[in-house]
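In what follows, a structure is listed as structure tokens, so that the remarks can point back to it.
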């Protein structure tokens, strides 16, 4: 969180949530279930920048008083990788070039929209790609 532990003692965590709805959702889950497991949301660093965390919270008794024990894991790099993967997954379908994935026996496993546009379905549902002139 960017602050020394001593600076955090006694402070509430609600100011670390850029979106108050995330904090309210955690409180509601705690009231309903008594525990929060692996909830992803944005968090605010002490210097003000936001980052992704996965948060788990458990109700405990500390020195005879009810308390919440929280584990907060920075998952910013995981979220960035997920976003990059989502773009890569979409790339073949959005690419205007015909892209095919073919197995060793010549069966077409995947055809993007551009490949499907220059192909037809044979009896039995197989994709047949028309030969392009001059190729």
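The values are calculated or read from the model by the stated rules, or taken from the named source; none is laboratory data. These numbers were taken from a predicted model, which means no experiment stands behind them. When we count neighbours, we look across all protein chains shown, and the Cβ atoms used for this are built from the backbone with ideal geometry, even at glycine.
The table for this structure:
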quantity: Residue count for region 10-33, restricted to those that are in a loop (DSSP other than H, G, I, E, B), without any contact (Cβ under 8 Å) to a residue 24 or more places away in the chain and out of contact with any strand residue (DSSP E or B) (no Cβ under 7 Å at 6 or more places or on another chain); calculated: 3
quantity: The one condition in (1) in the same structural domain as residue 56 (by TED's automatic domain parsing); (2) within 16 Å of the chain's Cα centre (by Cα) that residue 87 fails to fulfil; calculated: (1)
quantity: Odd one out for residue 53 among (1) surrounded by 10 or more Cβ atoms within 10 Å (Cβ to Cβ); (2) assigned to a loop (DSSP other than H, G, I, E, B); (3) at pLDDT 85 or above; calculated: (2)
